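Take a look at the structure set out below.
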Amino acid sequence: MSQSRVPINSISLGNKLRAYRRHPASFFLLLLVLLAATVTVLVLFFLVGYILIKGIPYLQPKLFSFVYNSENVSMMPAMINTITMVLLSLLIAVPFGVGAAIYLVEYAKKGNKLVELIRLTAETLTGIPSIIYGLFGMLFFNIALGFRYSMLSGALTLSIMVLPLVMRTTEEALLCVPAAYREGSFGLGAGKLRTIFQIVLPAAIPGILSGVILAIGRIVGETAALIYTAGTVTGIAGLMDSGRTLAIHMYVLSNEGLHGNEANATAVVLLLIVLLINGLSAVIAKRFEAPRQ
């Protein structure tokens, strides 16, 4: 007769307490974990609540005018510029990041010196301060290539900044795809390229989207790199025009000291945009996961 196994979750509280008495260090670590989780959640709610309380009362229709002037200090041009900057940066960074990750996981041989060099370079780029990227973008894109202060210069600079993040998260997502997926595809006669694009990449989409979400968050909140490359000009900017994003708009308003309330209102809109992007990305990721459950 087979003995029925008791699920771990059904262990009584008394047994847990006796286990903690035998191993006091485990109970101490449990308290540390609970304390860290509680502090994190409280800080998150405090920041969100502070931003909403300070900014919501000053959200007025004039802040969403398509024309910026000294009277309304509208954030609408900055919102449009932010969306443009995100799309341009991802359009450049995501193909190169995903392509590099595919090479590292699917094509490069183990122990390849080039692979080690690429990973070391990606980790080094991740730790470089954003203002260094801004200075590089100004010297290379603005001056050397003649793009001047423009959305294109800012997008190229940000794409370099988020490229290591996209590449590393995509690499981890590809490594998490079970080898049986590839073996089954090869057994049915599919080639390497077809297996990657029809089997491996769809299974890794949730992990890839996680990297894209992190990249979007960094692009939306970036100021130092864009001040040196995209500039701070108000108004809706074209590809080769200077323009400010929401983060720069908020920074300039708060730095001037004349429109602090409008800066708080801009922070609310910036927070809502980030939450909306994260929510949509989570929904998309679940739609890809659903058929495989």
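Scanning the stretch 191-201 for residues that are more than 20 Å from the chain's Cα centre (by Cα) and of a type outside the set (Gly, Ala, Ser) returns 192, 193, 194, 195, 196, 197, 198, 199, 200. Among the residues examined, residue 98 does not qualify as assigned to a helix (DSSP H, G or I), of a type in the set (Val, Ile, Thr) and modelled with pLDDT under 90.
Across the stretch 130-178, the qualifying residues are those that are open to solvent by less than 60 Å² (accessible area, probe 1.4 Å) and of a type in the set (Ser, Thr, Tyr), and the one among them that is farthest from residue 104 (Cα to Cα) is 150. Kindly indicate whether any position in the stretch 84-94 is open to solvent by 20 Å² or more (accessible area, probe 1.4 Å), aliphatic (A, V, I, L, M) and farther than 29 Å from residue 199 by Cα. No. Every test in (1) in contact (Cβ under 8 Å) with a residue 40 or more places away in the chain; (2) open to solvent by less than 50 Å² (accessible area, probe 1.4 Å) is passed by residue 123 save one, and that test is (2). For the stretch 55-75, the criterion of a residue being crowded, with 17+ Cβ neighbours inside 10 Å and under 21 Å from residue 165 (Cα atoms) is satisfied by no position.
Please specify each residue of the stretch 181-199 satisfying the condition of being surrounded by 19 or more Cβ atoms within 10 Å (Cβ to Cβ) and in contact with an Asp or Glu (Cβ under 8 Å, 6 or more places away or on another chain).
To start, the set of residues in the stretch 181-199 that are surrounded by 19 or more Cβ atoms within 10 Å (Cβ to Cβ) comprises 195-196.
Once the filter is applied, which keeps residues that are surrounded by 19 or more Cβ atoms within 10 Å (Cβ to Cβ) and in contact with an Asp or Glu (Cβ under 8 Å, 6 or more places away or on another chain), the stretch 181-199 yields only 196.
Output the residue which, of all residues in the stretch 1-44 that are open to solvent by 100 Å² or more (accessible area, probe 1.4 Å) and basic (Lys, Arg), is modelled with the highest pLDDT. For the stretch 1-44, the residue satisfying everything is 22.
Hey, does the stretch 90-99 have a residue that's within 26 Å of the chain's Cα centre (by Cα) and over 28 Å from residue 270 (Cβ atoms)? Yes: one or more hits.
At least 2 residues being acidic (Asp, Glu) is the threshold, and among the helices (runs of 4 or more DSSP H) wholly inside the stretch 113-179 those reaching it are 113-126, 151-175.
Among the residues here, residue 151 qualifies as in contact (Cβ under 8 Å) with a residue 24 or more places away in the chain, touching a Ser or Thr at 6+ places or on another chain (Cβ under 9 Å) and either among the hydrophobic types (A, V, I, L, M, F, W, C) or farther than 29 Å from residue 217 by Cβ (or both).
Residues that are touching a residue at least 40 places away in the same chain (Cβ under 8 Å) and among the polar types (S, T, N, Q) within the stretch 54-80 comprise just one, 60. Close contacts from the stretch 31-47, counting a first residue that is under 19 Å from residue 268 (Cα atoms) and a second that is part of a helix (DSSP H, G or I) and among the hydrophobic types (A, V, I, L, M, F, W, C), with Cβ to Cβ under 7 Å and a gap of 6+ residues or different chains, come to none at all.
The values are calculated or read from the model by the stated rules, or taken from the named source; none is laboratory data. None of the values given here were measured: they were computed from a predicted structure. Neighbour counts run over all protein chains shown; Cβ positions are idealised from the backbone, glycine included. Accessible surface areas use protein heavy atoms only, side chains included; no ligands, DNA or RNA. Shrake-Rupley method; radii C 1.70, N 1.55, O 1.52, S 1.80 Å.
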